[in-house]
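Everything on this sheet refers to the single structure shown next.
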Amino acid sequence: MSTETTVSEVAVQLEGITKRFPGVVANRDISLTVQKGHIHAIVGENGAGKSTLMKILYGMQRPDEGEIRVNGSPVTFHTPGDAISAGIGMVHQHFMLADNLTVLENVILGSEPRKRGLAIDFAAARKKIKDISDAYGLGIDPDVLVEDIGVGTRQRVEILKVLYRGARILILDEPTAVLVPHEVDELFENLHGLVREGITIIFISHHLDEVLKVADAITVIRRGTTVAEVSPEGVTARQLAELMVGSELPSPETRESTVTDVVALQVTGLTIGADGERKVLDDVTLTIHKGEVLGIAGVEGNGQAELVEAIMGIRPSTGTVTLAGQEITSWTTLRRREAGIGYIPEDRHRHGLLLEAPLWENRILGHMKEKVNVRGWWINRKGARADTQRIVEQYDVRTPGIDVLASALSGGNQQKLIVGREMSGEPKLLIAAHPTRGVDVGAQAAIWDHLRTARAAGLAVLLISADLDELIGLSDWLKVIHRGTLVAEFDPATVTPEQLGSAMTGAGEEA
Ligand SMILES: Nc1ncnc2c1ncn2[C@@H]1O[C@H](COP(=O)(O)OP(=O)(O)OP(=O)(O)O)[C@@H](O)[C@H]1O
Ligand SMILES: [Mg+2]
């Protein structure tokens, strides 16, 4: 890159952006310059203000102060529609596609091409989608239902949706959080394809290795303000993390096994799907002991969600589930939770939180019988509030208080709240689906510490994660799920991410 840049080479310039919410300054005098045709990464701790800044650039939030320039001209956005007209598109931290519609319907929703008689011109839409998909190598089939496609493809549909609206500047808020390594590589290939066609990409990620691999420039945000602008050649992942937190990170501790021979969870022959059909879960048998973390590796959509839902009693299945020696196969989900199963769901918005309720009410959710939350027949407001305060402190949930709505927390802080809640009340078994998804590196280490401490005290954990480092680092034993069956197992002390990755795609026979 030449060091001299002219105005025409700058796609986005933010100057002095400040945004206040009740009790928090989310953005404070932020400056950011993004070169045209660059992949520009934004990193920072949970709650640092990354999503807020991007929502401002996308017209979803109005800044209290500051100026936005796009392609050299000052702009004021009142709605995302204004940003779209200026060629800016955003793919959000949480997916926003409708499951029960096709890819085509999702893509054109809100900007349907019309024929002269005002009927929707599906043929034109289909052609345009195919053209965009081909031009950027996205490989999208417009006529499948969104519920039938995997997360990697959903991600590409979200990208296609903004390209369809003419975006030349693309904002991706944590696009890789839900992807397994080979899907991340595919996404990055797509991004390089887009950049070659002159598109500018701003992307947020907590995976600093990825950031270093793919970004042309990196901006670090700490506590609402820009603290550094670095080039990926000049820093290591560790240095980047230290810039984010403003101090040195502790080194990871060595681990020792705490596995006992007392069985906490026994699952036998768990199956979902009728005879003759392909089963989404096929004869899964596994044992987890007290003090043991069993990790399940797999590409998303291979039965992990179904396994979890069967153990939780959310989805009907055949087979048996035994918790601490007691068969619970016919129990309701509520009864299972009350018997001591903590549950960190994969979709924190759909199953983990009531977004429009304050934090302390979210503390009670699903834990209606836990001691701190009840007094006799009644909700114990005071107890629940005090315990929410404890979670906020122990799990470092960054919030102005426990009365704010869950929707006002940043994504990673929502996750920390759920983890803290599910670890409360000394569960016997924790089912943790992507427990640190969207959580920054410092908070991830803290959550791992909490899990290890609970494990040492006898907690059994079923860990499902797309993050192979997390699976290898936290698990005492690993199993690989592929097309609904457990196909391989590994000792995390000796397995490499490459071996695990190849077993996940069904290629690994070496197990
Ligand atoms: N609608 C809102 N109302 C009140 N406070 C908000 C709102 N949106 C964000 N905040 C606050 O602004 C701050 C920045 O949040 P933001 O979502 O931008 O963080 P982030 O850097 O994207 O974090 P994460 O990595 O966890 O996604 C946080 O303290 C958050 O609680
Ligand atoms: Mg965010």
Residues of region 81-110 being within 18 Å of Phe203 (Cβ to Cβ) and at pLDDT 90 or above, which ones? Ala83, Gly87, Ile88, Gly89, Met90, Val91
When (1) away from ligand 1 (no atom under 13 Å from the Cβ); (2) on the phi > 0 side of the Ramachandran plot; (3) of a type outside the set (Phe, Trp, Tyr); (4) surrounded by 17 or more Cβ atoms within 10 Å (Cβ to Cβ) are applied to Glu426, the one that fails is (4)
Helices (runs of 4 or more DSSP H) wholly in region 28-127 with at least 2 residues that are buried (at least 16 other Cβ atoms within 10 Å of the Cβ) and within 16 Å of ligand 1 (Cβ to nearest atom) - which ones? 50-57
Subset of region 469-487 (residues that are out of contact with any Gly (no Cβ under 6 Å at 6 or more places or on another chain) and either over 24 Å from Lys290 (Cβ atoms) or outside the structural domain of Ala456 (by TED's automatic domain parsing) (or both)): Asp469, Arg483, Thr485, Val487
Pairs under 8 Å by beta carbon, first residue within 16 Å of ligand 2 (Cβ to nearest atom) in region 221-239, partner assigned to a helix (DSSP H, G or I) and modelled with pLDDT of 95 or more, six or more apart or different chains? Ile221/Lys50; Ile221/Leu53
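The values are calculated or read from the model by the stated rules, or taken from the named source; none is laboratory data. Remember, predicted model here, so these are calculated numbers, not experimental data. FYI the Cβ positions are ideal-geometry reconstructions off the backbone, even for glycines, and counts take in every protein chain you see.
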